[in-house]
Structures are given as structure tokens and as C-alpha cells.
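Here is the structure we will look at.
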Amino acid sequence: MNFEDVYGKKTLIFDGAMGTMLQSRNLAASGCPDLVSLTDPASVTAIHAQYAAAGANIITTNTFGANICKLSSYNLSDKMWDINIAAAKAARAVGPGILVAGDLGPSGSILEPYGSLSPLDAYDAYFKQSLALTEGGVDLLIIETMSDLREARIAYMAAREATRLPIIVSLTYNKMRTLMGNPPSVVAATLTAIKADGVGANCSGGPKEIFSIIQEYARYTSLPLTAQPNAGLPVLVNGVTTYPLNSEAFFKAMFPLADSCACIGGCCGTTPKHIKALSAYVHPLFGPPIPMPPVFVNARKLFPVEKDLDPDEIHLSQTDFMDRIIDSEAKSIIIDIDCGLPRLREKMHDLQSYFNKPYIFRSDSYELLNFALFDYCGVCGFILKGNTEGQDMLMKKYGAIAI
């Protein structure tokens, strides 16, 4: 089976939880579940095989935390390549007819300035993991359980540079916001602009909670959607975290999602029994994608792209540039960033802490615009004078809008 031949044409079934399956077999005693792919690949293959036998079309590699950042907390960063290759091979060992998704989870760190992880280090970590999974022979990548759109966007851009494989990007929410405050509308529009192959939501409570997210996605993207909820909202029973939905209840709760999504599956608390129940949902999907109008997007809001942008012009070298932005009554802000890379790096966070107007970055320098568009969480406009080739590259790479 070729993923691109069937994706978006019929319902595809992802597998369920890997971590809980490893724990039930006491295979994650070392504390690092990803290491099991290297130390006991046969047991990992056996779990994958259970999901395949249950009806999963796509099994996900045991690499959720196998990026350099996360592995470093176990002093295993030097094993990153070997773990990802072993995990891909362990999934491949299930046999033909099953698609393998290379799994990229969160870095485990918070990006600067709120945390210590630099965007470039995050990019490097996801780039290297994507290379390893591609080398291992996966069919697609899924970036999942992301709680920060900025990190998810960096992970996607790094993966896209590393591979030509299809890439689905899935975030996790609490009450319709990610941990960093991104609503589903902003996530969908941003990932559409940078040309992700699919948008998803996983974890995030049970099927009921994720259905609201999927509905909001569908208003802002025509990309195929993926839903992988938990088996309900977790509860503590005798000090143990449990999930209330058995396979039958999970099956019933997934009806709305099955009609809305190209891919469905399970996250925390789901087992092969849950996936077997879902396999009854497979049906054709109909209708061409609906084109979406271009929008400006920041980490919180969307703005229509109007013919009359009525911009104010502000130079980043001005000491009171943020006051000028906040006080402006214009519809949009042109920000001249010809102030040198050190100041641009220093002030990007200030620029992104204000959400009430769309930005248009302007510079004579491709290097400066490339950095601004890389770091900006969303979709902005840009003006690059006298460099048509560079303009096309920035539009393609970042989904930015040339003005």
C-alpha cells in the first residue's frame, strides 16, 4: 500500500497507545520507552503486530521521545540515530501491507524566551530525527502531541527539509487552546500555509473533546484531518490513572470523527481492542478540497488579507517601536527590520507578544527576512526588494505572503 495513493480517499486507521502497552509488559523499566526498540525490538514488533491484526492501516514507530533533546534527559542523545533506525525496522518487521508512520513527539523543553531551548537547536533535533526515520524506511512522518504551535511549525520545517515523505502535524489541546494559547483556527491556517500534508489533534481528552477541535479545523483548512483521542478523560482509581471508555464506548463516541477525518486512531488508554472496533468505520471519502482564502495569522488570531492594508510603517531600530505598534490605528504594520541580525533576534519575542494586528516584514536582506519568517509563529506578509528568486523561496518555505 502506498500512503499517497489512499490518503484522503478512504478512512485510514492509526494504531493506539504504545507507552501503556510497553508498561503492561514491564518493558519500559529503564525509564526511556524509546530505548526498548534498540534493546528488545522483537517485543516492539509484537505490539505493532497486535495493532495490525486489529485492523490498523498505519502503525506508529516507538520514537515519540527519540529526539536529541528528550533523549539527553536519559543521557542517550548519542543513541538517537540507532534508536530511530531500530524503531523503524521494528515496525517494518510486521510485514507488507502496513504503512509505517515515523513518530516525532515534543522536545520536552520550552522554547526561548520562556524556556532554554533555542529555535535553531529544536530545528536541528527534528531534522536529525526525521533523517533517521526516513533512512529507517518509514512511509510518512507524524509530528504529534505538540502543545506549542511554534515548536510544531519548527518541527515541520525541519522534517520537510530532511525528507520528501508526507508529514501530518497533530497538536494537543485543553479547552480549545494549546498550552501556549494557540486556538485550532490559528493552527489549521498556519499549517496549511506551510503546506503540511495533514492537520490533526491527539490526546486532548476523549472523542467528544477532539470533535470540537476537528470542527474548528475544518473551517480553516481543506487539508485531510486526523483525530486520535484518548479513551476518554483520565480518572484516578486507587491511585492509578485509568481511562473510562472501553472499546464499545470508544467506537460509539467516534462516529462523528469517522465522518469528518481522513485518519482516525487512538492515544492514551487505547489498546488493540479499541482499534479493532474502529476498523468498522472504513469508508470512501468524497469531494475535492475546498480552497481557502489567504489569511494573516499570529499565535492567537487570524486576519483577512485585504486589498487595502492601510499600513503604518515602523522601524525596528526605534527604541519605542512596540509603543508605536500598540498605539497605531492602522489595519496592519509594516516593520522595517534592516537593523542587523542581533537586534532582530533580540526583539522578535517582543513583536510576537502583541496579537491585534497583522505584520508585514520589510528588508533589503534575504538573510534578515529568512530569520524573521522562520521565527514568526503564524503567517505574515513580507517585502523583499529586488530579489524575485529570494521572494519565491520565502513564499514556498514559510507560506508567507509577498506584498
Just wondering, is there one or more residues in region 225-238 that are in the same structural domain as residue 11 (by TED's automatic domain parsing), small (Gly, Ala, Ser) and assigned to a helix (DSSP H, G or I)?
no
I'd like the full set of residues that are closer than 15 Å to residue 37 by Cα and not in a helix (DSSP H, G or I), limited to region 65-100.
65, 66, 67, 76, 93, 94, 100
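Scan 141, 120, 133 and give me the residue that is in a strand (DSSP E or B) and of a type in the set (A, V, I, L, M, F, W, C).
141
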Identify, please: which residue in region 82-109 is more than 21 Å from residue 56 (Cα to Cα) and surrounded by fewer than 17 Cβ atoms within 10 Å (Cβ to Cβ) and is, among those, modelled with the highest pLDDT?
82
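Can you say whether residue 130 is surrounded by fewer than 24 Cβ atoms within 10 Å (Cβ to Cβ), of a type in the set (Ser, Thr, Tyr) and either touching a Leu at 6+ places or on another chain (Cβ under 8 Å) or not assigned by TED's automatic domain parsing to the domain that holds residue 228 (or both), as far as the supplied structure shows?
Details: surrounded by fewer than 24 Cβ atoms within 10 Å (Cβ to Cβ): no; of a type in the set (Ser, Thr, Tyr): yes; either touching a Leu at 6+ places or on another chain (Cβ under 8 Å) or not assigned by TED's automatic domain parsing to the domain that holds residue 228 (or both): yes.
When the stated conditions are applied, residue 130 does not pass them.
Considering each of 322, 348 in turn, give the residue that is surrounded by fewer than 18 Cβ atoms within 10 Å (Cβ to Cβ) and part of a helix (DSSP H, G or I).
Only one candidate passes the filter, namely 322.
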With the condition kept exactly as written, say whether any residue in region 53-65 is in contact (Cβ under 8 Å) with a residue 24 or more places away in the chain, more than 19 Å from residue 19 (Cβ to Cβ), in contact with a Gly (Cβ under 8 Å, 6 or more places away or on another chain) and of a type outside the set (A, V, I, L, M, F, W, C).
no
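Residue-by-condition table, conditions (1) over 16 Å from residue 138 (Cα atoms); (2) crowded, with 20+ Cβ neighbours inside 10 Å; (3) under 24 Å from the mean Cα position of the chain (by Cα):
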| site | (1), (2), (3) |
| --- | --- |
| 12 | yes, yes, yes |
| 15 | no, yes, yes |
| 28 | yes, no, no |
| 32 | yes, yes, yes |
| 35 | yes, yes, yes |
| 38 | yes, yes, no |
| 51 | yes, yes, yes |
| 56 | no, yes, yes |
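The values are calculated or read from the model by the stated rules, or taken from the named source; none is laboratory data. Computed from a prediction, not measured in an experiment: that's the story for all the values here. With ideal geometry, Cβ positions are generated from the backbone for all residues, glycine too; neighbour counts draw on all protein chains shown.
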